[in-house]
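Asks: After the structure tokens below, expect a handful of questions from me.
Readers should treat all values here as calculations from the given coordinates under stated rules, not as data from a laboratory. Here the structure is a predicted model, which means the values were calculated and not measured. Don't worry about glycine lacking a Cβ; one is built from the backbone with ideal geometry, like all the others, and counts go over all protein chains shown.
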Amino acid sequence: ISACLVGSEMCIRDSLYIAQNDGSVQAIREGNKYGFVFYKSASTKMDDGLVISSDKPSIVFIEKKGNTYTIAVSDPTYTQANVTLTLNKKMIEKSGVTITEQGSNIIFTLPVGDYVGSSVVDVFTEK
């Protein structure tokens, strides 16, 4: 494994790509799996072109298989009713998905009560 630093981007070849690691976002990719910690409303761009933003603090995991994205979202603050993710991919419309000029807004309704803080998982297909 070798490390590299390109501008503000960091990567570890042959394994893990670190796109961002600061007070706004921690963003990593390994193969077809992405992990994000959004400390506040923020956006980040991955090395493969994926751009994602969250309107609130959240933890996001994405697994991409072909044109299908399995997305898991949780609220580390235990206070949010929902989180909206924006991706630069146009997904097939279904409940919670709004198509924009740049891609898609996806609203995740988060658990309450005994399940507050748990992940919500859904599958989306790119058009």
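Asks: For the pair Thr68/Ser41, report the inter-label distance in nm, with labels modelled 7 Å from Cα in the Cβ direction.
Replies: About 3.4 nm separates the two model spin labels.
Asks: For the chain, what relative contact order do you get, as a whole percent, if you take Cα pairs closer than 8 Å and at least 6 residues apart?
Replies: Normalised by residue count, the contact order of the chain is 17 percent.
Asks: Around Pro76, under 13 Å between beta carbons, what's the net of Lys plus Arg minus Asp minus Glu among the other residues?
Replies: Around Pro76, the charge tally is +1.
Asks: Would you tally the net charge around Ile92, using a Cβ to Cβ cut-off of less than 14 Å, leaving Ile92 out, and scoring K and R as +1, D and E as -1?
Replies: +1
Asks: Would you mind pulling out the separation of the Cα centroids of region 29-56 and region 76-115, in Å?
Replies: 14 Å
Asks: Given the options Ile92, Ile107, Ile62, which has the most mean-square fluctuation in a GNM of the chain, springs set between C-alpha atoms less than 10 angstrom apart?
Replies: Ile92
Asks: Along each of the three principal axes of the Cα atoms of the chain, give the extent in whole Å, ordering the values from largest to smallest.
Replies: Computed over the chain, the largest-to-smallest principal extents equal 44, 33, 23 Å.
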